[in-house]
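Asker: I have a structure I would like to understand better, so I am pasting it below and will then ask my questions one at a time.
The values are calculated or read from the model by the stated rules, or taken from the named source; none is laboratory data. Quantities reported herein were computed from a predicted structural model and do not represent experimental measurements. Cβ atoms come from the backbone with ideal geometry, glycine included; neighbour counts cover every protein chain shown.
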Amino acid sequence: MCGIIAYIGYRPALPILLDGLKKLEYRGYDSAGFSVMGEKELVTVKRKGRISELEKAVDSSATASKIGIAHTRWATHGEPNEINAHPHLSCDGSIVIVHNGIIENYSVLKELLISEGHRFTSETDSEVIVHLIEKFYRGNLESAVVAALENVEGTYGLAVLHRSENKIVVARKGSPMVIGLGQNETIIASDAVAIVAHTKKVVYLNDNEIAVINGTECIVRKLDGSMITPEIQEIRWTAGQIEKRGFKHFMLKEIFEQPEAILNTLRGRIKDNRVKLSLSVDFDRVKRILLTACGTSWHSALIGKIYFEKYAGIPAEVDYASEFRYRQGIIDENVLVVVISQSGETADTLAALRKAKTAGAQVIGIVNAVGSTIAREVNSGIYLHAGPEIGVASTKAFVCQTMALLLLSLWFRQEKRLPVSDAFIERLFQIPAQIGKILEDAPQITRIASEYSQKQNALYLGRGISFPVALEGALKLKEISYIHAEGYPAAEMKHGPIALIDENMPVVFLATNGQVFDKVMSNMQEVKARRGIILTVTDRENKLLNDLSNHIFYVPETDEDLSPLLNVIPLQLLAYEIADQKGLNVDKPRNLAKSVTVE
Ligand code: F6R
């Protein structure tokens, strides 16, 4: 979703801003713009479409400035066009802002400001902020921003410039802002990805905080005026990790990073065959577990439920964060809520977390992005350590979330003094190498993909622990290849989806050796009888299975409970290959954002 980058220091701002915008591209956007200080006036350039369009529009008046703000917009209020793109200017052109988030009371404010003589140019909610700041400006930008923010309801990550003040004012409520502290320069962004090439020392602004930055100094206050001593943190990953390193797309690179990513999730967390987690959980109070998340993270939650019930013996349920936040669910101090989020910034998941805390529940986070809002607001949690995920379609986060949930359920099991077998732990450590083996067979998927890339629909079927994997496979395909795909529990097919099956319908079966293997084969017979095209992912050599399948992809054999970690890999590769063969923008699929920071 929208991205912010701002710079103040001793170097020309524009190349840093444009480079930062490119680093933020992965979040999804439809227009972009920047404002820098020209000789006397602010120079603002905005364009619809890619950042390359913005680069083409740069002229010499913008190149010398050492201070500027820039933005990538993902339309919410008003269509994606040049006028609605940020930055937004005050009527007299002296103040300029970039904003992430949503101003809920913008229409009331807009009416009021218009009645007071302010002229609006865009359809955006954001523009009210700059007019409010203009209304309150009396020679001190910070005070004007504070006064303006007192009037707005909603969420914001905000960066503001005034043409006569050599400073940037930033503020945050519900939308992340990170301040990168370099040597005599400061780079501010909504995502550390845009900062890490310049400095690893960062301050994560908290909600209701405002910072004034003049290049060498960064002063942070609460909006009520009280001073804060900002906590300086160190980014642990490198700029190299957000480069493609020879892969055609980030998604492909991230698929291939999964063996290492899983090892990183495991690292230091199992010693002498015991799971070691430092979590602050009052174990005796946990009578029920609620897992909540969105999208792919919700799929890992479905697997987590199976783990908690089986290994920890604790009743577990799964809820979409967007549903949980508005439902009158039964949550109290006896419930442990596990919130799962790759980005740690998903608005619905964050709201679910806050609701759970208000209800008195204990809360654990499973998060990838270090320092993200969810990571900071949970009582304790498990970082995935998967490294930055740039491709919009989540891949390595899914396997690492699944592994983290398994570790958590085993940790609970140990707390209950129940045994965890050494053989199971051994199998768990085999997973990275087994994923590596599947990746070696990727060319086989490329060949299969060419037969499916022109199809309009696909069905993904699995049972038990394979059902969430079927959902995830279908989600991957639809989001990047725009082929309509549905995941279903295999046995449910006969209650409806079977009507769809004919010689044009590809059906991907997850046929893992286990208690429902034969039953899944019966479902395959049903598809075959209706001339559906069957692609099977399996760990078991079986003649009938072979005869039923048009294509078959073998994964290494493991414990059935670990099979999602392997079965999902060919499904990720299949979606990737189909999208790539269709010539689509795999890393930035249409209409999607990497980090969904609005409702
Ligand atoms: C799908 C995908 C999304 C995210 C969802 C939640 O590939 O990436 O469905 O999983 O938007 O995002 P996080 O995990 O960042 O909360």
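Asker: Name every residue in the stretch 113-160 that is hydrophobic (A, V, I, L, M, F, W, C) and either at positive phi or not in a helix (DSSP H, G or I) (or both), in order of residue number. Steps first, answer last, please.
Answerer: Of all residues in the stretch 113-160, those hydrophobic (A, V, I, L, M, F, W, C) come to 113-114, 120, 128-130, 132-133, 136, 141, 144-149, 152, 158-160.
Of everything in the stretch 113-160, those that are hydrophobic (A, V, I, L, M, F, W, C) and either at positive phi or not in a helix (DSSP H, G or I) (or both) turn out to be Phe120, Val152, Leu158, Ala159, Val160.
Asker: Report every pair of residues separated by at least 6 positions or lying on different chains whose Cβ atoms are under 9 Å apart, first residue within the stretch 337-350 and more than 6 Å from the ligand (Cβ to nearest atom), second aromatic (Phe, Trp, Tyr).
Answerer: Val337/Phe324; Val338/Phe308; Ile340/Trp298; Asp348/Tyr320; Asp348/Phe324
Asker: What pairs come out if I take residues in the stretch 48-64 that are assigned by TED's automatic domain parsing to the domain that holds Pro80 and pair them with residues that are basic (Lys, Arg) and surrounded by 14 or more Cβ atoms within 10 Å (Cβ to Cβ) whose C-beta lies under 6 Å away, six or more apart or interchain?
Answerer: Ile51/Lys22; Glu53/Arg47; Leu54/Arg47; Ala57/Arg47
Asker: Which fully enclosed helices (runs of 4 or more DSSP H) of the stretch 345-421 have 1 or more residues being among the aromatic types (Phe, Trp, Tyr) and surrounded by 21 or more Cβ atoms within 10 Å (Cβ to Cβ)? Write out each step before concluding.
Answerer: Numbers: elements: 347-358, 373-377, 396-415.
Result: 396-415.
Asker: Tell me the residue from Lys355, Lys271, Lys276 that is within 23 Å of Val596 (Cβ to Cβ) and charged (D, E, K, R), please.
Answerer: That would be Lys355, the only listed residue that is within 23 Å of Val596 (Cβ to Cβ) and charged (D, E, K, R).
Asker: Taking the options Lys310, Lys244, Lys305, Lys287, name whichever one is modelled with pLDDT under 95 and farther than 20 Å from His385 by Cβ.
Answerer: Values: Lys310 fails: modelled with pLDDT under 95; Lys305 fails: modelled with pLDDT under 95; Lys287 fails: modelled with pLDDT under 95.
Among Lys310, Lys244, Lys305, Lys287, only Lys244 is modelled with pLDDT under 95 and farther than 20 Å from His385 by Cβ.
Asker: Exactly one of (1) more than 26 Å from Lys135 (Cβ to Cβ); (2) among the charged types (D, E, K, R); (3) modelled with pLDDT under 90 is unmet by Arg47. Its number?
Answerer: (3)
Asker: Looking at the stretch 310-330, which of the residues that are more than 23 Å from Thr597 (Cα to Cα) and touching a helix residue (DSSP H, G or I) at 6+ places or on another chain (Cβ under 6 Å) is nearest to the ligand (Cβ to nearest atom)?
Answerer: Ala316
Asker: Shifting gears a bit: Residues Leu252, Leu158: which one is touching a residue at least 60 places away in the same chain (Cβ under 8 Å) and not assigned by TED's automatic domain parsing to the domain that holds Ile8?
Answerer: Details: Leu158 fails: not assigned by TED's automatic domain parsing to the domain that holds Ile8.
The conditions single out Leu252.
Asker: Is it the case that Ala239 is away from the ligand (no atom under 16 Å from the Cβ), over 25 Å from Cys2 (Cβ atoms) and of a type in the set (Gly, Ala, Ser)? Give the derivation first.
Answerer: Working: away from the ligand (no atom under 16 Å from the Cβ): yes; over 25 Å from Cys2 (Cβ atoms): no; of a type in the set (Gly, Ala, Ser): yes.
So Ala239 does not fit the description; no.
Asker: Pick out the one residue from Glu185, Glu231 that is farther than 17 Å from Thr373 by Cβ and of a type in the set (Asp, Glu).
Answerer: Numbers: Glu231 fails: farther than 17 Å from Thr373 by Cβ.
On inspection, the qualifying residue turns out to be Glu185.
Asker: Then there is this: Mind listing whichever residues of the stretch 56-76 are surrounded by fewer than 16 Cβ atoms within 10 Å (Cβ to Cβ) and either of a type outside the set (Lys, Arg) or modelled with pLDDT under 90 (or both)? Spell out how you get there, then give the answer.
Answerer: So in the stretch 56-76, the residues surrounded by fewer than 16 Cβ atoms within 10 Å (Cβ to Cβ) come out as 56-57, 59-61, 63-64, 76.
Ala57, Asp59, Ser60, Ser61, Thr63, Ala64, Thr76, listed by residue number.
Asker: Still on this model: Got at least one residue in the stretch 70-77 being over 23 Å from Arg172 (Cα atoms) and of a type in the set (Lys, Arg)?
Answerer: Looking through the stretch 70-77, none of the residues is over 23 Å from Arg172 (Cα atoms) and of a type in the set (Lys, Arg).
Asker: Hey, can you tell me all the residues within the stretch 29-53 that are more than 21 Å from Gly9 (Cβ to Cβ) and touching a strand residue (DSSP E or B) at 6+ places or on another chain (Cβ under 9 Å)?
Answerer: Tyr29, Asp30, Ser31, Ala32, Lys46, Arg47, Lys48, Gly49, Arg50, Ile51, Glu53
Asker: Taking only pairs six or more apart or across chains, which ones have beta-carbon atoms under 7 Å, a first residue in the stretch 368-395 that is within 17 Å of Thr265 (Cα to Cα) and touching a residue at least 12 places away in the same chain (Cβ under 8 Å), and a second residue that is within 13 Å of the ligand (Cβ to nearest atom) and basic (Lys, Arg)?
Answerer: That search, which allows pairs on different chains as well, returns Ala386/Lys396; Glu389/Lys396.
Asker: Let me ask something additional. Answer yes or no as to whether Thr44 is in contact (Cβ under 8 Å) with a residue 12 or more places away in the chain, β-branched (Val, Ile, Thr) and surrounded by fewer than 16 Cβ atoms within 10 Å (Cβ to Cβ).
Answerer: Numbers: in contact (Cβ under 8 Å) with a residue 12 or more places away in the chain: yes; β-branched (Val, Ile, Thr): yes; surrounded by fewer than 16 Cβ atoms within 10 Å (Cβ to Cβ): no.
No.
Asker: Of the numbered conditions (1) over 32 Å from the mean Cα position of the chain (by Cα); (2) in contact (Cβ under 8 Å) with a residue 40 or more places away in the chain, His86 fails exactly one; give the number of that condition.
Answerer: For His86, the exception is condition (1).
Asker: I've got another one for you. Keeping to the stretch 296-344, report how many residues are surrounded by fewer than 21 Cβ atoms within 10 Å (Cβ to Cβ) and within 18 Å of Val392 (Cβ to Cβ).
Answerer: Here the count works out to 0.
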